[in-house]
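Some notes on the structure that comes next.
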Amino acid sequence: PEEGRALHDAALEAGRLGPVVEIGAYCGKSAVYIGTACRAVGTTLFSIDHHRGSEENQPGWEWHDSDTWDADAGSMDTLPFFRRTLRQAGLEEAVVAVVGRSRT
């Protein structure tokens, strides 16, 4: 909650200048804090993620969540979880998901 409030407060300040960018979204917890602030100041959050998980999220690692595994793709897929989080928070109009690798 402390980190979330800090993200929210920073996004309130930055959002007054224009759109905000988040790199790395996972399942959307931080996007809720940042997106809520963006909506409050009338701007947009662009949230960039490949939604395939970081190394520590992969099978066999401590932080792996087997619910995120997409057997058809042979990899994790957190995009459905991210979209559900935004929908449940009522932030689909304030947050734009950009799906791709940050390097690209």
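The table below lists the values:
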item: Portion, in percent, of the accessible area of segment 19-83 that falls on carbon or sulfur, probe 1.4 Å; result: 52
item: Between 0 and 90°, nearest 10: helix 29-41 axis offset from the chain longest Cα axis; result: 20
item: For segment 1-62, accessible area per residue (1.4 Å probe, heavy atoms of protein chains only), Å²; result: 60
item: Among [x] 83; [y] 107; [z] 94, the entry that matches volume of the Cα convex hull per residue in Å³ as calculated here; result: [y]
item: Cα-based helix-to-principal-axis angle, 2-15 vs the chain, degrees rounded to 10; result: 50
item: Fraction of antiparallel bridges per DSSP, the chain only, in percent to nearest 5; result: 20
item: Theoretical FRET efficiency, 1/(1+(r/R0)^6), r = Cβ-Cβ of Ser66 and Leu17, R0 41 Å, to 0.05; result: 0.50
item: For the chain, calculated [θ]222 nm from helices alone, where every DSSP H run of n ≥ 4 adds -39500 (n - 2.57); result: -11500 deg cm²/dmol
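The values are calculated or read from the model by the stated rules, or taken from the named source; none is laboratory data. The shown structure was predicted, so the numbers you read here are calculated from the model rather than taken from an experiment. For neighbour counting, all protein chains shown are included, and Cβ atoms are generated from backbone atoms with ideal geometry for every residue, glycine included. Each accessible area value is taken on the protein alone, full model and side chains, heavy atoms only, with ligands, DNA and RNA left out. Shrake-Rupley method; radii C 1.70, N 1.55, O 1.52, S 1.80 Å.
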